[in-house]
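Have a look at the structure below, then the notes.
The values are calculated or read from the model by the stated rules, or taken from the named source; none is laboratory data. Note that the structure is predicted; figures quoted are calculated from it, not measured. A quick note on method: Cβ atoms are made from the backbone with ideal geometry, for glycine too, and the neighbour counts reach across all protein chains shown. With ligands, DNA and RNA removed, areas are computed over all heavy atoms of the protein, side chains included. Shrake-Rupley method; radii C 1.70, N 1.55, O 1.52, S 1.80 Å.
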Amino acid sequence: MGKIEKLTSGTTGGPVFVYVEDGRIIRITPMELDDTDAPSWEIKARGKTFSPPRKTTLSPYSFAWRSMIYSPKRLLTPLKRVDFDPDGKRNCTKRGESGYEPISWDQATDIVTAEIKRIKREYGSSAILSTPSSHHLWGNVGYRLSTYLRFMNLIGYTYADHNPDSWEGWFWGGLHHWGFSHRLGIPEQYDLLEDALQNTEMIVFWSADPEATNGVYAAFESTCRRKWLKDLGVKMVFIDPFFNHTAAHIGGKWFAPRPDTGNAMALAIAHTWIAENTYDHEYVATRTTGFDKFADYVMGKEDGIAKTPDWAEKECTIPAREIRALAREWAGKKTMLASGGMGGMGSACRSATGNEWARLMICLMAMQGIGKPGINIWGTTQGAPANTDFLFPGYTEGGISGDVDNSAAGFRFVYKMHDRPTRSFVNQPMGQHIPRLKIPECILDGKLEWRGKGFAGSAMEAQFHKYKYPADGYPEIQMYYRYGGSFIGTMGETNRYVNAYRTDRLSFVVNQSIWNEGEVGFADIILPACTNFERWDISEFANCSGYISDSYTQVNHRVISLQKKCIEPLGESKSDYDIFAELSKKLGFYDVFTEGGKTDLDWTRQLFDATDLPKHISWEDFCKKGYFVVPIDKDRKSTPALRWFAEDRHRDTPDWGPHPECQEEFGKGLQTTSGLIEFECSSLNRFDPDDPERPPIPKYIHSWEGHHTKDLYDKYPLQLISPHPRFSFHTMGDGKGSWVNEIEDHRILKPDGHYYWIIRLNSRDAEKRGILDQDLVEVFNDRGRVICAARVTERVPPGTVHSYESSAEYNPLGKPGESADRGGCINLLTPSRYITKNSCGMAPNSCLVQIEKSAKGAN
Amino acid sequence: MKKPFMVMDVALCQGCNNCFLACKDEFFENNFPPHSLAQPRHGHRWMNILCKERGKYPKVDVSYLTAHGMQCDNAPCIAKASDGAVYKRDDGIVIIDPEKARGQKDIVNSCPYEAIFWNEEKQVPQKCTFCAHLLEDGWKEPRCVQACPTGALTMVRATDPEREHMVVTEALAVYCPEFKTAPRVHYKNLGRFTHHFIAGSLAFKDTDECATDAEIRLTDDSGQAVMETRTDNYGDFIFDGLKKDSGPYRLEIRVPDYQDMALTTKITESLNLGTLFLDRQEGKTA
């Protein structure tokens, strides 16, 4: 045995120590902090002092990294589809069926660069479509907004913009009540942990499961805090069609409204407060506008239907008396609403009724005085004390791209990091771009209209902008440079994505990926990338920045780690940076891409120097220790989120918005034109006051795929919800020989050797169909068919079924795009329809299916 | 001598599986002679997590129990092995010697906890070692404990008398005591996993309001009170910690101004009685 080195790295689930012996990673662990690291924070509340454990936590999938690094599905050499000949027959419609043969890097980069040049010569660079998957790896240098954007900005491309997938209803709906466009409609969360420990009496988790989703990237950092709150006697309520893991862990009252009908419950709560006069009159009068109109709707004065608990019971199935009891308890206790794991988000916002849900969450809290002590929207994951003055960028700040248009580089970091940042003049609102959710339509139909370019949070109105594809005078897409392979698992109605590859309308597809999974096997050329354990990088625990500004307030200690190159890239795989550098040589811009030959380590050092780290630790010491814990000023002053607003003061929180241009007086009030919380949204009144799908006040609008869509409901009587998964980070951690597959609540191994994706259904629904626990079943609707393993449970009510989204495996039993999948891509079944015509977000949680026992496979 | 043993609190575990995965991380493709050979990529559960869901919608709870090598003081695997292939160390940890145990497949079935796994490739039985190689290297705790984010798993070092004292003072229990193997893994709140509840809700029929703060008694066959509770603001009540196949139990409900209600039930598994509606009794006073 050789010498064991203890190195450091970072993952999407927390920073890690990496033990390496003889060029092999042998162990990956969370970090235990030592006495030389900065002290932990302390919060004094209700006669007690709270301080977190002196270690970092780690998400399940991060423990499985070794099984993914040394995965049987690793791509170890460039591959070419056997029946693809760039100079002869391309056989594009065979994609997904043909096999592959290994080729050399020189051959692969020859083909890819020749195709890029051909497309540019014949059509122009905007005929190249490209998009990456999200959350693939961790690290500010190697992240997609950094290395990938730097390269793509130099070749020019039509970008498939990511929709704000986790935010949807908050972005398209909630935002109009209060702005926060710089957070895509979700409110700031500063210092709400201290506020809750000191003042809060009840927490309502509404479509929030922080133990499963870990905030974002923040592992189990907030788990101990919810335990503190529970031990203080803070009451917990859970509203979720699934008895989620936070509910199971911490306990409390559980309400399971029928999917897509929680809005009726919300309106009935408002009704009870108005009827019983238990809302905050003074706050509503001074800090909001438009309440009367909302109240008229709630009480039935507008449409003749009083939104009483009895009315709501018929919609959502929750007994009226229990809705009243909840409303009374809520009004009587200082309550935090965890409407989604980040304060916002939550799977309820990704549904046909997601806009109205997010809107109602804001309106309910406005009625109870949001911002007053103990009363707020707080996901329980953010808002720990932190040093927010210390500059270290999050991954959205563009890293080595410096792209001020398509990352948050322009916020502050580009000025510290770069002399010559990169931009694309195609990937601009005035250039050509398409939405990721409609890639298949753009490729196959060749035309599309929609509103909003990607994460359109620059202003409240940015989402209203109308776009079309092709943009006037721009070419149609001819080539697809895909980076990763997740979309069949993560988008909606995803047989579309399969079929979009199998067409002559795309003459060339290249995929750059670490593993051969999902849609990777639909490319003509596959370029093997390596993991972030095989290259240099630098990162901070759970630091996103940008639209999740100061997201490190999720973690108990701000830990910045050097991501050391722990081992050489496996096989012939290369870092993304080195792949792009190779391509740059043949495209003539190597010196521009690498700024004269910089390596990933050079960029890592440059990024280190652009942060506040050098004020505290030398590069040499940082390299030696591998990580740094950001110290907190002992006299740091707590500034709870929105307290300033409730008290009508200038904002005192470190939030990065709103921009002065959208405020009457900078720093005073919210981003709405009134500066107040608007029950009736002035922005929607200006856009289209007659939009029935998104009216100026939030309303109860039937789901376009739910129990009121009678014909479809008769045929497919089970309502499927598919939230973000618990044990994988989307497709990261799933499939690919990962140990996560063996978790019995993630997949179930059947005698045929396959790990089947799980669908959870109530015992009564199972009995009706003769289904036993762990049976193979077919879940289907008009969009497709997925073979899953059944989990018979009481954790969902009859009529509701639950499965997670994001299978990494796509494994069709017959012709791709047309046959049942036993990989587990539950998103084959979910709709591709936008939330509303003008709200171009996804709605996978409005999905009707039927389930039957499978005749296939290994029951 | 202070010896390591494990305490697992069922009430603190949320089934995150970090312990299961950390165990894989430690042993996959890693040999730690003389304690263990590498674990295969898939199939072994040296750290296993059992899940128990109780009740019927919507009165339900979910608990987890970590079941791994119990390091029994009366270990059947030691008795089963030939040539001293399985042995107990002075510190109580039970080790399967990977060299001596080669080919001894019978050892796998000797474990009533099903905590021993057969490595087909290497032809050896394998199980949890409490990460003995790490403890010898100065680690304070094995990988599963380090990975646990909730404090559900702890490794305690104590002399035998100290451990016995702890078992009493902290109400520690053994999983499946009927196996009589004297495990060195103890559980807190094991009842969440092994016992059952009766739950339900109370409501007033006339007003359709939740019956808050109502008094409910659970009595046994002989009329002896087993437990008493009061409904919460949703009218919900629960009696937990009841043995499987016990009863009959009698539930007595008394609320001022409403007719008394009583019902009798047996326990085969956790029970949700649903919503019980109370009739108003004219003229009745508290």
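For region B:137-286, compute Rh as the Kirkwood radius over C-alpha pairs and then the Stokes-Einstein diffusion coefficient at 10 °C and 1.306 mPa s; write the answer in µm²/s, rounded to an integer. Answer, rounded: 85 µm²/s. The convex hull built on the alpha-carbon positions of region A:126-226 has an orientation-averaged projected area of 9.0 nm².
Taking only protein heavy atoms and a 1.4 Å probe, the accessible area of the protein assembly as shown is 49% carbon and sulfur. Sorted largest first, the principal axis extents computed over the alpha-carbon atoms of region A:127-183 equal 40, 29, 16 Å. Its Cα gyration tensor gives the protein assembly as shown an equivalent ellipsoid; the semi-axes, largest first and in whole Å, are 43, 40, 30. Taking a point 7 Å out from the Cα of B:Ala11 in the direction of its Cβ, the residues of region B:36-65 whose backbone N falls within less than 17 Å of it are B:61-65. Modelled spin labels at A:Lys3 and B:Asp240, positioned 7 Å past Cα toward Cβ, are 5.3 nm from each other.
Give the total of Lys-Lys pairs in region B:92-163 with Cα-Cα distances below 19 Å; include a pair only if its members are 8 or more places apart or on different chains. Total qualifying Lys-Lys pairs in region B:92-163 comes to 4.
Each 5 Å bin from zero up to the one holding the largest Cα-Cα distance in region A:334-386 carries the following percent of pairs: 5, 21, 26, 24, 15, 6, 2, 0. Taking every residue in A:321-330 and counting other chain Cβ atoms within 10 Å of its Cβ, the average works out to 4. Projecting label points 7 angstrom from Cα along Cα→Cβ for A:Lys230 and A:Asp602 puts them 5.2 nm apart. Inter-chain neighbour count for A:52-65: the average number of beta-carbon atoms from partner chains within 10 Å of each residue's beta-carbon is 4. Within the protein assembly as shown, DSSP assigns beta bridges of which about 65% are antiparallel (rounded to the nearest 5). Under a model in which nothing but the beta-carbon of Lys, Arg (+1) and Asp, Glu (-1) is charged, region A:440-566 shows a dipole of about 180 debye around its Cα centre.
Convex hull over the alpha-carbon atoms of region A:265-313: what's its volume per residue in Å³?
Here the figure is 64 Å³ per residue.
Within the full protein context, the accessible area of A:Cys662 is estimated at about 40 Å² for a probe radius of 1.4 Å.
The chymotrypsin sites (Phe, Trp or Tyr not before Pro) of region A:258-312 include none that meets both criteria, a DSSP state outside H, G, I, E and B (loop) and at most 12 other C-beta atoms within 10 angstrom of the site's C-beta. Here region A:804-847 is scanned for amide nitrogen atoms under 19 Å from the site 7 Å beyond the Cα of A:Val82 along Cα-to-Cβ, giving A:812, A:814-816. Is the C-alpha gyration tensor of region A:403-562 telling us rounded, prolate or oblate? Criteria: a/c under 1.5 is rounded; beyond that, a/b larger than b/c is prolate, otherwise oblate. Because a/c hits 1.5 or more and a/b fails to exceed b/c, region A:403-562 counts as oblate.
DSSP beta bridges fully contained in region B:128-286 are about 80 percent antiparallel. When all alpha carbon pairs of region A:778-859 are counted in 5 Å bins from zero, the resulting P(r) reads 3, 14, 23, 24, 19, 10, 5, 1, 0, 0 %. Divide the volume of the convex hull around the Cα atoms of chain B by the residue count and you get 149 Å³ per residue. Shape analysis of region A:234-392 places it in the oblate category; the axes a ≥ b ≥ c from the Cα gyration tensor give an a/c of at least 1.5, with a/b not above b/c.
The residues packed around A:Leu848, meaning those with a beta-carbon under 9 Å from its beta-carbon, carry a net charge of 0 if Lys and Arg are +1 and Asp and Glu are -1. Using 1/(1 + (r/R0)^6) with R0 = 30 angstrom and r between the beta carbons of A:Gln850 and A:Asp752, what's the FRET efficiency to the nearest 0.05? Result of the calculation: an efficiency of 0.80. Counting Cβ atoms of other protein chains within 10 Å of each Cβ in B:192-204 and taking the mean gives 1. Kindly provide log₁₀ I(q)/I(0) values, in the same order as q = 0.20, 0.23 Å⁻¹, from the Debye equation applied to equal alpha-carbon scatterers of region A:205-253. Rounded to two decimals, the profile gives -0.63, -0.83.
For region A:21-88, what is the Kirkwood hydrodynamic radius in Å, using each pair of distinct C-alpha atoms?
17.4
Over all alpha-carbon pairs in region B:118-178, figure out the percentage whose distance exceeds 18 Å. Summing the P(r) of region B:118-178 above 18 Å gives 58 percent of all pairs. Each of A:Ser51 and B:Glu282 was given a label point 7 Å from its Cα along the Cα-to-Cβ line. The distance between the two points is 6.8 nm.
The amide H of B:His68, built 1.01 Å from its N in the peptide plane, has B:Asn48 as neighbours under 5 Å, considering only residues 5 or more places off or on other chains. The heavy atoms of A:Tyr713 present about 60 square angstrom of accessible area, all protein chains included, probe 1.4 Å. As a ratio to 2.2 N^0.38 Å, the alpha-carbon radius of gyration for region B:203-286 is 1.11.
Calculated accessible area for the protein assembly as shown comes out at 33 Å² per residue, all protein chains present (probe 1.4 Å; ligands, DNA, RNA ignored). Loop-located trypsin sites (Lys or Arg not before Pro) across region A:1-96 with a Cβ neighbour count of 15 or fewer within 10 Å are A:Lys3, A:Arg46, A:Lys89, with loop assigned by DSSP. What FRET efficiency, computed as 1/(1 + (r/R0)^6) with R0 = 60 Å and r the Cβ-Cβ distance, is obtained for B:Asp208 and A:Arg636, rounded to the nearest 0.05? The computed FRET efficiency comes out at 0.75. When DSSP assigns beta bridges and you keep just the ones with both residues in region B:6-66, what percent turn out antiparallel, to the nearest 5? Taking every DSSP beta bridge within region B:6-66, about 90 percent pair in antiparallel fashion.
Excluding ligands, DNA and RNA and using a 1.4 Å probe, chains A and B jointly bury around 4500 Å² of accessible surface, summed across both partners. Counting only lysines at least 8 places from A:Lys314 when in the same chain, those with an alpha carbon closer than 23 Å to its own are A:Lys253, A:Lys301, A:Lys699, A:Lys710, A:Lys715, B:Lys56, B:Lys59, B:Lys205. For A:Lys586 and B:Val167, what is the calculated FRET efficiency with R₀ set at 45 Å and r taken between the beta-carbons, to the nearest 0.05? Result of the calculation: an efficiency of 0.05.
Select from A:Ile318, A:Ala641, A:Phe687 the residue farthest towards the positive end of the dipole of the protein assembly as shown; place +1 on Cβ of Lys and Arg, -1 on Cβ of Asp and Glu, and compute about the Cα centre. The Cα lying farthest towards the positive end belongs to A:Ile318.
Qualifying GluC sites (Glu not before Pro) in region A:1-54, where qualification requires a DSSP coil assignment and no more than 13 other C-beta atoms within 10 Å, comprise A:Glu42.
Legend: residues in region B:43-59 shielded by at least 50 square angstrom of accessible surface upon adding the remaining protein chains to the isolated chain (1.4 Å probe, heavy atoms) are B:Arg45, B:Glu53, B:Tyr57.
Rounded to whole Å and sorted largest first, what semi-axes of the equivalent ellipsoid does the C-alpha gyration tensor of region A:813-859 yield via the square root of 5 times each eigenvalue?
Taking √(5λ) for each Cα gyration eigenvalue gives 28, 13, 7 Å.
When the other protein chains are added to the chain by itself, burial of at least 20 square angstrom of heavy-atom accessible area (probe 1.4 Å, ligands and nucleic acids ignored) affects these residues of region A:209-249: A:Phe220, A:Thr223, A:Lys227, A:Lys235, A:Phe243, A:Ala248, A:His249. Taking the convex hull of the alpha carbon positions in region A:160-282 and averaging its projected area over all directions gives 9.8 nm².
From largest to smallest, the equivalent ellipsoid semi-axes obtained for region A:473-544 from the alpha-carbon gyration tensor read 27, 15, 14 Å.
One chain, two ends: B:Ala38 and B:Glu121. Fully extended at 0.36 nm per residue, the span grows by 28.8 nm beyond their Cα-Cα distance.
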